[in-house]
1. Considering only residues that are touching a helix residue (DSSP H, G or I) at 6+ places or on another chain (Cβ under 7 Å) and either at pLDDT 90 or above or in a helix (DSSP H, G or I) (or both), which ones fall in segment 176-200?
2. For segment 159-169, give me each residue that is assigned to a strand (DSSP E or B) and free of Cβ contacts under 8 Å to residues at least 40 places away in the same chain.
3. Is it the case that some residue within segment 40-61 is in the same structural domain as residue 76 (by TED's automatic domain parsing), surrounded by fewer than 17 Cβ atoms within 10 Å (Cβ to Cβ), out of contact with any strand residue (DSSP E or B) (no Cβ under 8 Å at 6 or more places or on another chain) and within 17 Å of residue 95 (Cβ to Cβ)?
4. Given the conditions (1) surrounded by 12 or more Cβ atoms within 10 Å (Cβ to Cβ); (2) in a loop (DSSP other than H, G, I, E, B), and given that residue 233 satisfies all but one, which numbered condition is not satisfied?
5. Please go through segment 124-170 and pick out each residue that is touching a strand residue (DSSP E or B) at 6+ places or on another chain (Cβ under 6 Å), more than 15 Å from residue 81 (Cβ to Cβ) and either surrounded by 12 or more Cβ atoms within 10 Å (Cβ to Cβ) or at pLDDT 80 or above (or both).
6. Looking at 217, 233, 247, which one is within 17 Å of residue 164 (Cβ to Cβ) and in the same structural domain as residue 179 (by TED's automatic domain parsing)?
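The values are calculated or read from the model by the stated rules, or taken from the named source; none is laboratory data. From a predicted model like this one, the values you see are computed outputs, not experimental measurements. No Cβ is skipped: glycine too gets one built from the backbone with ideal geometry, and neighbour counts run over all protein chains shown.
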């Protein structure tokens, strides 16, 4: 069976390929497509594939933009950190919805679902619709992840959200800093982390997502900004732009 992967993070694409090869050694990866543009180009001239694994948020748009332009008859397994897209995923040939970070067992379960679905082609329309509703109901839930998984050497470590002081981007790399001053490289974008971290975190700017508990107080900075004074030592000055100050202070006054 031939599989297409749509994923703009090379490491995640390699990880998914690895899981698929472990689950089914006879499955072949036909293409790894990192963008909406490249995916549209590929599907316009290729139809020799049986299943698609697709991230949702790509660098140049949502993968749903691909499926609005190209009629893809193969079932799609969506892989994303965003639970909010579940309904639209099932409206776009989705047969499963894997929330990142996922592992080998999740991929195995999704592929087993595909194998079962192949036999369902002989089901009546009512049976198929019932099965689709059951899939939706089993996946459309509120994300309850209480930890972020980080990799350190050969270990995968869960870091509880309340232990995280902030997320930042430094030299193009997303990092997690906890209250013990540990610093981890993580395989998430800051946009994804903003979605899953919860209301206790605030997106200060493009480089910083900060936990309320990490802010000791704020002070005036260059008359038009606020400076965050943190409870941990942090090498950079983090400031709030003038146009965000009102919203930030409202968030700061709330207790989560």
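1. The answer is 178, 179, 197, 200.
2. Kept after step one, since they are assigned to a strand (DSSP E or B), are these residues of segment 159-169: 159-160, 164-169.
Those that are assigned to a strand (DSSP E or B) and free of Cβ contacts under 8 Å to residues at least 40 places away in the same chain: 159, 160, 169.
3. Checked against the condition, which is being in the same structural domain as residue 76 (by TED's automatic domain parsing), surrounded by fewer than 17 Cβ atoms within 10 Å (Cβ to Cβ), out of contact with any strand residue (DSSP E or B) (no Cβ under 8 Å at 6 or more places or on another chain) and within 17 Å of residue 95 (Cβ to Cβ), segment 40-61 yields no hits at all.
4. Among (1) surrounded by 12 or more Cβ atoms within 10 Å (Cβ to Cβ); (2) in a loop (DSSP other than H, G, I, E, B), residue 233 violates only (1).
5. The answer is 157, 158, 159, 160, 163, 164, 165, 166, 168.
6. 233
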